1. Let me know the charge dipole size of the protein assembly as shown about its Cα centre in debye, to the nearest 20, where only the beta-carbon of Lys, Arg (+1) and Asp, Glu (-1) is charged.
2. Using 0.36 nm per residue of separation minus the Cα-Cα distance, give me the extension gain between residue A:71 and residue A:136 in nm, one decimal.
3. Could you tell me how many degrees, from 0 to 90 and to the nearest 10, lie between the Cα long axis of helix A:117-126 and the main elongation axis, the longest principal axis, of the Cα atoms of chain A?
4. Nearest 0.05, what FRET efficiency do residue A:62 and residue B:13 give at R0 = 41 Å with Cβ-Cβ as r?
5. If you count, for every residue in B:168-177, the Cβ atoms of partner chains within 10 Å of its Cβ, what is the mean?
6. Multiplying the sequence separation of residue B:168 and residue B:36 by 0.36 nm and subtracting their Cα-Cα distance, what value in nm do you get?
7. Please compute the modelled spin-label separation between residue B:153 and residue A:82, points set 7 Å along Cα→Cβ, answer in nm with one decimal.
8. So if I take the centroid of the Cα atoms in region A:137-178 and the same for region B:49-125, what is the distance between those two points in Å?
Protein chains: 2
Amino acid sequence: MVTEVGRRSRSDQSGGTRQLILATAERLFAEQGLYAVSNRQISAAAGQGNNAAVGYHFGTKADLVRAIVRQHTERIEELRAELVARVRGSTNVRDWVVCLVCPVTTHLDRLGDPTWYARFGAQVAADPAFRDIMAEESLATPALREVLDGLGRCLADLPTHARHQRGEMIRLLMVHGCAERERATSPKSTWDDTATGMVDAITGLLTAPVTG
Amino acid sequence: MVTEVGRRSRSDQSGGTRQLILATAERLFAEQGLYAVSNRQISAAAGQGNNAAVGYHFGTKADLVRAIVRQHTERIEELRAELVARVRGSTNVRDWVVCLVCPVTTHLDRLGDPTWYARFGAQVAADPAFRDIMAEESLATPALREVLDGLGRCLADLPTHARHQRGEMIRLLMVHGCAERERATSPKSTWDDTATGMVDAITGLLTAPVTG
């Protein structure tokens, strides 16, 4: 029993350290960029006496980035699954755009103030090496896949090149739009209003006529 | 006469050095970010024996960034003025969006391959301190002001908050969309095709119905 308690306690402590490192890394990456911040700096800023703490708990910087992304993606995915359940079978583009945008903005809203994940995400998305981690983690989630399939059915007439380019534009709008909103020191709108405006605009972008 | 020639030659040399520093700084900033690169590194990479060459020719880093932006803005502005002359008085949103997007993509296209300015611009736009420089330089140009006024007249019915948010989204799409296209090692489309797709999508985004 004592051993069991001791073990659980050590495990709790380790879980607490992991969380502390994740939160510290997210903030530092958001503020300074992925390349500017070393694992050693993160360990120090997280108050770890051992400079190798990040390596011990997470491995490489890519592993650490993936752990941060996964933690958020899991919660975003839960919110998305709830929304998808309500619109399944819809042929309305806007329904699916809501499922794309709102889980992210709701998650950021629930994180409280200040949040760092949107700026962290913008740093990851701007980096050719780390960007794939975000895509892999997000696309591995069934709810996002269902949303993309739903949108694909609604937009079946869109030529391939336009579909590709518009998908890329939506990614840019979501990533950088959320980062800008998060960065605003005196936001002019709630996350809900931001989301509604993004949904309207992205729906217009997706359904615009294609020239040529 | 001899003095005159000598003077011109020194001035040419100085102009050549300035151009070399501008081009070197643009590339380094595009690749590594504005904070990662020092004036000293730029001087060295530009082959200047004197480490203070950047300071001597341009002053602070902000002055250097402004000089790079201005050089491109002047050429973009010439292209924009030509397009504006063709659509003056138009009440068609797409006409004005063409005047917004195409001068930038045409300029990038003419710079040849590889270009760095789009990635440099994405770095500047992501930085709260330097971003204002870009806005100041761009908004000081009469052709851009005329485009924004033209769009404003077409979209007079759009509520203020939507106009503000959509303006911000267009800025994100243009800055990051061009940077992504520039970054692509095997681009799937010409700059012309990229521009047409952006114009279609931005027109749809701007004219989308507003909820609530």
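1. Numbers: 50 positive and 50 negative charges, 130 e Å.
My answer is approximately 620 debye.
2. On the way: separation 65, 0.36 × 65 = 23.40 nm, distance 1.36 nm.
Difference between extended and current length: 22.0 nm.
3. 70 degrees
4. 0.30
5. Working: counts 6, 11, 2, 2, 9, 9, 1, 2, 10, 5.
Average neighbour count from other chains, rounded to a whole number: 6.
6. Values: separation 132, 0.36 × 132 = 47.52 nm, distance 2.65 nm.
Additional length available on full extension: 44.9 nm.
7. The two pseudo-label positions are separated by 4.8 nm.
8. Taking the Cα centre of each part, region A:137-178 and region B:49-125 sit 30 Å apart.
The values are calculated or read from the model by the stated rules, or taken from the named source; none is laboratory data. Please read all numbers here as calculations on a predicted model, not as lab measurements. Glycine gets a Cβ as well: all are built from the backbone with ideal geometry, and neighbour counts include every protein chain shown. With ligands, DNA and RNA removed, areas are computed over all heavy atoms of the protein, side chains included. Shrake-Rupley method; radii C 1.70, N 1.55, O 1.52, S 1.80 Å.
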